[in-house]
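J.: Structure below; questions to follow.
The values are calculated or read from the model by the stated rules, or taken from the named source; none is laboratory data. Fair warning: this is a prediction, and the values are worked out from it, not measured in the lab. Methodologically, a virtual Cβ is constructed for each residue, glycine included, from the backbone with ideal geometry; neighbour enumeration extends over all protein chains shown.
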Amino acid sequence: MHNEENHTTGGGDSERALIDLNLRQFCEPLLNVGAGLAVCLGLLQCWLIFISMHGRATQNDFSVYYLTAKAVAANQNPYNADFTAQAAKLGFDTGDVPHATDPPTFILMIAPLAHLSLEGAFWTWSAFNFICLALALFLLLGPISELGTRAKLVLASSSVWYPPVPAHLFFAQSKLPVLMLLVLSIYMMQQKREACAGFALALACLTRMFPLLLLGYLALQRRSKTLACTTIWLVIGGFITILLFGLTNTLSFQKAAAFLSEHWNVRVQDISLRGFITRLFWHIFERPLSPTNEGIRGIVIFAVNCGILLLTISATLNRPSDKDVDWSVFTLWTITALILSPVVWFHYEVLLLLLFAQIASAASQRRTTLRVVVMSVISPILTLVWVVVGDRYGGHALRSWQHLLSEFGFLSMLAAYVSAYWFVTDEPDAASMPTRSMPGEIWRRFASTA
């Protein structure tokens, strides 16, 4: 009887193994076809993006970059130059931007475009953006990722359908180089090449400013060598910028920063936390706000910003300071820097490709939880809904449901933050730290970093 049971059990195992083998043999061709279809759709989207870019050289945002480069070539202060008159004369559409608004180091980077024709400069800049996207995806889905080949192909092909990517390329924007630099800094830290990692991170900070918050990540993670290298490169880069751009021109950037933080929050395309709270106050109390409500608005913005930063610090302290296996903590600090920026346009969300790639890699090895994956999927869905429906109500949402739809851009950023936060706190080695112990742990990590 015992032998019969063993024979029966063995036969059942053999049958199940045969069924699994047949199922894999049946599914493999389907998965290959699916991956091939995804690649074809990705190539089709690249062609559609390329077609849509024709005629964009005179439109914003590239028109502003080109006028900025021309102002530098003419030895003018681009922050004081009158782009309105020049744009009208040349037939440019600058989107109501009256002068340069980008950081000084970035302006130096695009200054050589002035020596090219308008079309030549536009396509050179667009090619540079595409190369940055390709390099970022190569690093994210290559050396850093643990995904299989098919998954890498599907994810890379899907990235060009992610709405912020075609929007970024359509407007010839400047955040794909930042994505590439941040991914490069991760790769270099992974290779223990701190000087290169510091250079990449410092260049991202100098050209866009908001990645400066990542210095807090380096300090709390006790990456002292990378922090020192980043600081040194920041000083060198700042000195070179002042030397080439001039001290007066460099200091004039504060005018552009003030213009950006106060002028654009009315538009739902600004998906920053500051913009969301400001528009919420306008929706409830109407414009212009009374002095009392204006004061309350400022307090609420400050308090919520501090709350999100404290959540990020708390999640970081709950993790061991000597490892960041899936770079989840780095990703959380990146999104925190993004969401706390005074102005965050829709195309800034190309930086979320870092989050999606890291979660996909961790999920393939079962190192993250279901709620992290679900929330990371909800974020691009909210983005798509905003593009299709919500954007049309921007600036004239009369009803609460219209206002809610118009804010789906911000809500997609918030969903990404929640996903990144859970990505850190749901890891097996995460341990909750009492609030009263946080100041001491922060001091200990800062002291050990120093």
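J.: What number of residues within region 166-180 are in a helix (DSSP H, G or I) and within 11 Å of the chain's Cα centre (by Cα)? Before the answer, list the steps.
T.: Taking region 166-180 first, the residues in a helix (DSSP H, G or I) are 166-170, 176-180.
Keeping just the survivors that are within 11 Å of the chain's Cα centre (by Cα) gives 176-180.
The total comes to 5.
J.: Yes or no: S432 small (G, A, S), modelled with pLDDT under 75 and within 14 Å of A315 (Cβ to Cβ)? Give the derivation first.
T.: Working: small (G, A, S): yes; modelled with pLDDT under 75: yes; within 14 Å of A315 (Cβ to Cβ): yes.
In short, yes.
J.: Please verify whether T425 is modelled with pLDDT under 80 and of a type in the set (S, T, N, Q), treating the condition exactly as stated.
T.: The answer is no for T425.
J.: Also, I was wondering about something else. From the list F356, F346, which one is in contact with a Pro (Cβ under 8 Å, 6 or more places away or on another chain) and modelled with pLDDT under 90? Step through it out loud before you land on a result.
T.: Numbers: F356 fails: modelled with pLDDT under 90.
Result of the check over F356, F346: F346.
The rows are residues; the columns are (1) polar (S, T, N, Q); (2) at pLDDT below 90; (3) within 27 Å of the chain's Cα centre (by Cα).
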| site | (1), (2), (3) |
| --- | --- |
| A38 | no, yes, yes |
| L44 | no, no, yes |
| R56 | no, no, yes |
| N60 | yes, yes, yes |
| A88 | no, yes, no |
| T94 | yes, yes, yes |
| H99 | no, yes, yes |
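J.: From the list F62, F128, F138, which residue is of a type outside the set (G, A, S), without any contact (Cβ under 8 Å) to a residue 60 or more places away in the chain, more than 28 Å from F239 (Cβ to Cβ) and surrounded by 14 or more Cβ atoms within 10 Å (Cβ to Cβ)? Spell out the reasoning first.
T.: Values: F62 fails: without any contact (Cβ under 8 Å) to a residue 60 or more places away in the chain; F128 fails: more than 28 Å from F239 (Cβ to Cβ).
Every option except F138 fails the conditions.
J.: Residues to consider are T84, T68; find the one that is in a helix (DSSP H, G or I), closer than 27 Å to G246 by Cβ and in contact (Cβ under 8 Å) with a residue 40 or more places away in the chain. Before the answer, list the steps.
T.: Values: T84 fails: in contact (Cβ under 8 Å) with a residue 40 or more places away in the chain.
When all the criteria are applied, what remains is T68.
J.: Among the residues of region 394-409, are any in contact with a Pro (Cβ under 7 Å, 6 or more places away or on another chain) and either at pLDDT below 85 or surrounded by fewer than 21 Cβ atoms within 10 Å (Cβ to Cβ) (or both)?
T.: Keep residues of region 394-409 that are in contact with a Pro (Cβ under 7 Å, 6 or more places away or on another chain), which gives none.
No, region 394-409 contains no residue that is in contact with a Pro (Cβ under 7 Å, 6 or more places away or on another chain) and either at pLDDT below 85 or surrounded by fewer than 21 Cβ atoms within 10 Å (Cβ to Cβ) (or both).
J.: Right, something else. Considering only residues that are among the hydroxyl-bearing types (S, T, Y), more than 26 Å from Y348 (Cβ to Cβ) and either outside any helix (DSSP H, G or I) or modelled with pLDDT of 95 or more (or both), which ones fall in region 282-337? Steps first, please.
T.: Keep residues of region 282-337 that are among the hydroxyl-bearing types (S, T, Y), which gives 290, 292, 312, 314, 316, 321, 328, 331, 334, 336.
Going one step further and asking which of them are more than 26 Å from Y348 (Cβ to Cβ), we end up with 290, 292, 321.
Residues satisfying the conditions are S290, S321.
J.: Please determine whether any residue of region 164-180 is without any contact (Cβ under 8 Å) to a residue 60 or more places away in the chain and either aromatic (F, W, Y) or in contact with a Lys or Arg (Cβ under 6 Å, 6 or more places away or on another chain) (or both). Steps first, answer last, please.
T.: Quick first cut of region 164-180, residues without any contact (Cβ under 8 Å) to a residue 60 or more places away in the chain only: 177, 180.
Right, trim to either aromatic (F, W, Y) or in contact with a Lys or Arg (Cβ under 6 Å, 6 or more places away or on another chain) (or both) and you get none.
No, region 164-180 contains no residue that is without any contact (Cβ under 8 Å) to a residue 60 or more places away in the chain and either aromatic (F, W, Y) or in contact with a Lys or Arg (Cβ under 6 Å, 6 or more places away or on another chain) (or both).
J.: Given the conditions (1) within 16 Å of the chain's Cα centre (by Cα); (2) surrounded by fewer than 23 Cβ atoms within 10 Å (Cβ to Cβ), report the number of the one that I359 does not fulfil.
T.: It fails just one condition, (2).
J.: Still on this structure: Take region 177-206 and flag every residue that is of a type in the set (S, T, N, Q) and either at pLDDT 95 or above or in contact with a strand residue (DSSP E or B) (Cβ under 7 Å, 6 or more places away or on another chain) (or both). Walk me through how you get there before you give the answer.
T.: Within region 177-206, the first condition is being of a type in the set (S, T, N, Q), and the residues that meet it are 185, 190-191.
Selection gives S185 alone.
J.: Just name the residue that is surrounded by the most Cβ atoms within 10 Å (Cβ to Cβ) out of those in region 160-194 that are in contact with a helix residue (DSSP H, G or I) (Cβ under 6 Å, 6 or more places away or on another chain) and small (G, A, S).
T.: S185
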